[in-house]
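Encoded as structure tokens, the structure appears first; notes follow it.
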Amino acid sequence: MEKVIREKLQKGNSSNASEEERQEMLALFHLPQEEYILKEALLEELESIRIGNTTDFQKRDLFSKFWNRIEKENISRVIRKRFLNLTVKIAAALIIGLFLGIYVNSVLNNEEPVYYTAHSPMGSVSEWKLPDGTVIFLNADTEIKYKSETNKESREVFLNGEAWFKVEDNPQRPFIVHTPYYDVNVTGTQFNIKAYDSDKEVVTTLEEGEVVLTASNNMNLNKKITLKPGEQVIFHKELKNINVKTVNPKWFTAWKDNKLIFMNMNLKELVVLIERKYGVDIIVKDESILDYHCDGTFKNETIIEVLEIIKKTLPINYKIVGQQIEITSN
């Protein structure tokens, strides 16, 4: 068993490790009966690496703090995972972000900022809990990273995709979500941000509390935009304009409860929504049908059930060809 643990650790922590090898390495942290062997193997690997003028004693001290954190917080509680699909892939993405973020950055280079990264693949929704108690749901094909607790002045998160936030209130340490186009400043509240690179718009919807939007390098604002509960701000990337309106926030946050809600959405946008939710590849053979609009609410339906309902609503047909779904006009 000792030899197996050391081999899995060495393979899983290498730069060219496969997904299977990383998963096997991460699984070691759920074997409390082998804790001693794992700890000694990690220490040996750490001591074999040259890090500037850092002494073995200093490295051991850093590692002890890292290991104590694992024992105290228990990785499974630091990051609570809720998987709707592709469970293994999400688990690997979330825990690799935590483990490699702490072990490589904090232990081996304690002076540099530490970033933890999580990714929710296509066809999945995951839940992440930050050390400060903030809860984040990641929609399909979303990546998020945040700085470690070493930053005492603020809590910063970088988002690419869509996420719902329930931020733990702390006026002394503002919570900031960085999107590619603007920053969202928070103290304690619930809100949703949709900021996919491929989308034409960046949308922020406020459920509770208050958020303040400020400019970034890709967007200029004459003044800050403050949102109240039930308000939504839409930034159009190409037109460079901003629109604030009143909405029902539940329509825009239902995805975290595995619901699919769309109102007067054209087929082009709906195809993207379905691809992300179900992790499928859809080809529309007739572009003339992309402007068709429809409404709908789905929960727990399969991809085929959703397509059948849309087929009854719009004059379209579909068929599965290999690994793709082809949609044509009726």
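Throughout, read-outs are computed from the coordinates displayed, never taken from laboratory work. Here the structure is a predicted model, which is why all the values come from computation and not from measurement. Positions of Cβ are backbone-derived with ideal geometry, glycine not excepted, and every protein chain shown enters the neighbour counts.
As a rough guide to protection, the peptides 175-187, 228-240, 264-276 ranked by mean Cβ packing within 10 Å, highest first, stand as 175-187, 264-276, 228-240.
Distance from the Cα centroid of the stretch 289-312 to that of the stretch 162-180 is 34 Å (rounded to whole angstrom). Note on Lys147, Lys256, Lys224: ascending count of other Cβ atoms within 10 Å places them as Lys224, Lys147, Lys256, the fewest first. Among Phe137, Phe158, sorting on how many other beta-carbon atoms sit within 10 Å of each Cβ, with the fewest leading, yields Phe158, Phe137. Paramagnetic label reach from Lys319 (point 7 Å along Cα→Cβ; backbone nitrogen cut-off under 16 Å): within the stretch 270-291, residues 283-286. In this structure the amide hydrogen of Tyr196, modeled in the peptide plane, comes within under 5 Å of the amide hydrogens of Gly161, none closer than 5 places in sequence on its chain.
For the listed residue pairs Lys145/Lys166; Lys277/Lys299; Lys194/Lys277; Lys145/Lys250, the alpha carbons are over 18 angstrom apart in Lys145/Lys250. In this label model, Glu7 and His293 are separated by 6.2 nm, measuring between points 7 Å along each Cα→Cβ vector. Of the GluC sites (Glu not before Pro) found in the stretch 135-208, those that fall in a DSSP loop while having at most 14 other beta-carbon atoms within 10 Å are Glu149, Glu153. In terms of the mean number of neighbouring beta-carbon atoms within 10 Å, the peptides 319-328, 122-131 order highest first as 122-131, 319-328.
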